[in-house]
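The values are calculated or read from the model by the stated rules, or taken from the named source; none is laboratory data. Note that the structure is predicted; figures quoted are calculated from it, not measured. Glycine gets a Cβ as well: all are built from the backbone with ideal geometry, and neighbour counts include every protein chain shown.
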Amino acid sequence: MIIKKNVDLAKHSTIRIGGIAEKIYFPQNIEDIKFLLKKANQENKKFIPIGIGSNVIFKDGFHKDIFVSTHYLKGLNITEKGSYVYIEAEAGVSFKELVAIVKRLNLEGFENLSGIPASVGGAIVMNAGAFGSEIFDILEKVYWIDNDRNLRILDKKDISYSYRWTQFQNNGLVFKGIFKLKRSNKNISELIKKHLLERKKKQPLNLPTGGSTFKNTERFPAGYLLEKSGLKGFRIGDVGFSEKHANFTVNYGKGSFKDFIKLINLAKERVKERFGIDLELEMKILP
Ligand SMILES: Cc1cc2nc3c(=O)[nH]c(=O)nc-3n(C[C@H](O)[C@H](O)[C@H](O)COP(=O)(O)OP(=O)(O)OC[C@H]3O[C@@H](n4cnc5c(N)ncnc54)[C@H](O)[C@@H]3O)c2cc1C
């Protein structure tokens with residue numbers, strides 16, 4: 001298994017903030033993952049999976065936890081049954097790679113999710129979604145190695161999930177997902193292009209960002225609450241809420257974890273004061 005030492009965690013998160021990991025492990029199969037879960041348990045350390053790092057922020061400092069990048073879990077298998085196509089993809093397969101397949105085979109069902117900068121594992125664990133769709137709409141099965149090192153193959157109906165939450169959060173590692181998509185008569189490449197343009201218009205894709213900072217609330221989108229609280233474009237040091245989308249935290253260059261925490265605490269206070277609503281973080285603070 002590949003192991004890297006003294007790794008700059010900022011390079012493993014799209015917001016580009018974080019301290020140093022003593023080691024990052026890059027498993028290539030299920031046995032490697034079980035070994036790392038056992039090691040974390042024996043050494044009483046946290047087991048921390050990392051995908052693309054597009055919804056995480058790492059704390060400052062030097063960390064001795066067991067960081068596990070899914071980068072080399074790239075297995076892919078495509079099968080067809082009638083007008084349906086099943087894509088079996090390991091955790092480290094990126095949405096970019098899935099988009100290429102979906103376009104090539106003109107498959108329907110993935111287009112709304114196509115611009116999310118996710119890995120398959122990270123997207124399943126977060127129940128990622130966009131434009132009224134979520135990954136569980138097209139997911140059939142999940143291969144999951146739980147904290148006790150059991151490989152569990154679960155049908156969607158047996159999985160607990162809700163908006164940006166699944167039972168897999170902080171428990172083992174999602175190893176693989178099987179997706180069911182349909183051959184389409186529509187021009188899927190065109191639809192994907194439209195969604196990507198829409199994102200470009202609304203999201204600060206020119207700066208390092210961790211995506212949505214807070215979860216939307218039942219009554220209001222988090223971006224609306226932040227904007228109405230005067231926080232769109234507000235920054236502390238080099239970390240701020242984007243001028244383009246108030247719920248996207250961006251790093252203007254030398255953003256620090258300390259400033260991020262100050263910013264989100266201030267936002268929570270202001271929104272509570274003005275609307276009586278408790279904002280909940282969508283981004284994951286690691287470790
Ligand atoms: C520009 C931008 C746009 C975005 N747009 C959207 C959007 O439209 N919709 C949306 O839902 N999200 C969006 N996001 C957030 C993010 O892309 C999603 O949450 C995505 O699913 C995270 O995938 P990841 O591979 O980067 O996971 P990471 O950010 O690396 O990890 C997220 C969490 O999952 C855990 N994890 C990762 N992989 C595994 C695994 N295999 N097994 C177990 N745990 C794991 C990590 O420990 C962490 O707690 C956006 C982010 C950015 C930067």
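Has the range 163-179 got any residue that is under 18 Å from residue 78 (Cβ atoms) and either away from the ligand (no atom under 13 Å from the Cβ) or surrounded by fewer than 16 Cβ atoms within 10 Å (Cβ to Cβ) (or both)? Yes.
Inspection of the range 132-142 finds a residue satisfying the criterion of being modelled with pLDDT of 95 or more and assigned to a loop (DSSP other than H, G, I, E, B).
When the range 136-153 is limited to residues that are within 13 Å of the ligand (Cβ to nearest atom) and surrounded by 15 or more Cβ atoms within 10 Å (Cβ to Cβ), the one that is nearest to residue 211 (Cα to Cα) turns out to be 136.
Rundown of residues vs (1) buried (at least 21 other Cβ atoms within 10 Å of the Cβ); (2) within 19 Å of residue 149 (Cα to Cα), yes/no style:
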{"residue": "5", "(1), (2)": "no, no"}
{"residue": "15", "(1), (2)": "yes, no"}
{"residue": "27", "(1), (2)": "yes, yes"}
{"residue": "30", "(1), (2)": "no, yes"}
{"residue": "41", "(1), (2)": "no, yes"}
{"residue": "44", "(1), (2)": "no, yes"}
{"residue": "56", "(1), (2)": "yes, no"}
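Counting only strands (runs of 3 or more DSSP E) that sit completely within the range 1-102, those holding 1 or more residues that are under 16 Å from the mean Cα position of the chain (by Cα) correspond to 47-50, 56-58, 66-69, 84-90. Taken over the range 22-65, residues that are within 13 Å of the ligand (Cβ to nearest atom) and out of contact with any strand residue (DSSP E or B) (no Cβ under 8 Å at 6 or more places or on another chain) amount to 1.
Only one residue in 192, 236 is under 22 Å from the mean Cα position of the chain (by Cα), surrounded by fewer than 22 Cβ atoms within 10 Å (Cβ to Cβ), farther than 15 Å from residue 16 by Cα and modelled with pLDDT of 95 or more, so which one is that? Exactly one of 192, 236 is under 22 Å from the mean Cα position of the chain (by Cα), surrounded by fewer than 22 Cβ atoms within 10 Å (Cβ to Cβ), farther than 15 Å from residue 16 by Cα and modelled with pLDDT of 95 or more, namely 192.
Considering 119, 184, 133, the condition of being more than 22 Å from residue 216 (Cβ to Cβ), within 11 Å of the ligand (Cβ to nearest atom), surrounded by 15 or more Cβ atoms within 10 Å (Cβ to Cβ) and among the hydroxyl-bearing types (Ser, Thr, Tyr) is satisfied by 119 alone. For the range 103-116, the candidate set comprises residues that are more than 11 Å from the ligand (Cβ to nearest atom) and part of a helix (DSSP H, G or I); within that set, the residue that is surrounded by the most Cβ atoms within 10 Å (Cβ to Cβ) is 111. If the condition is being under 17 Å from residue 204 (Cβ atoms) and small (Gly, Ala, Ser), then the range 238-259 contributes 240, 242, 246, 253, 255.
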